[in-house]
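Structure, as structure tokens:
Rule-based calculations on the coordinates, nothing more; no lab input. In this text the structure is predicted, and so the values were computed from the model without any measurement. Here Cβ is always computed from backbone atoms with ideal geometry, including for glycine, and neighbour counts include all displayed protein chains.
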Amino acid sequence: QVQLVESGGGLVQPGGSLRLSCTANGNIFRIDTMAWYRQAPGKQRELVAGITSAGDTNYADPVKGRFTISRDNAKNTVYLQMNSLVPEDTAVYYCNADRTIIGTVTYFGSWGQGTQVTVSS
């Protein structure tokens, strides 16, 4: 099993910043693309940003220029720096690893438990 542990969520005022972290635990050999998704109340889960093991990134249009995704492969950790937050960013944020290799086993589509981000004055 792949355990993804997220941290860094919380309550922030509009215009503020937060940094989310997600660490994959276990004797991991490799993780391909890691990504952040979010799900607001009454809405479908949506991709926020993704990053390949080589460092190539992609962002959803609403967060371009405000959010930055990065990763530390040695620590099996992905980060999401969120700046200029707006109330529309309020959601539960989930970490995802598309393909994880542990020993001789490959795991697909692993998810973290989610961390709440609330942007409100």
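Worth a mention:
- Point-to-point label distance, ILE102-ALA54, nm (Cα→Cβ direction, 7 Å offset): 2.8
- Distance between the 7 Å Cα→Cβ label points at VAL86 and GLN13: 1.9 nm.
- Springs join every pair of Cα atoms under 10 Å in this Gaussian network model of the chain, and among ILE102, ILE51, ILE31 the largest mean-square fluctuation is at ILE102.
- For the stretch 23-121, trypsin sites (Lys or Arg not before Pro) are listed when DSSP marks them as loop and at most 10 other Cβ atoms sit within 10 Å of their Cβ; the list is LYS43, LYS64.
- Cα gyration tensor shape for the chain, rounded if a/c is under 1.5, else prolate or oblate: prolate
- Among residues other than GLY15 with Cβ under 15 Å from its Cβ, the summed charge is -1 (Lys and Arg +1, Asp and Glu -1).
- Net charge of Cβ neighbours under 15 Å - reference LYS43; Lys, Arg +1; Asp, Glu -1: -1
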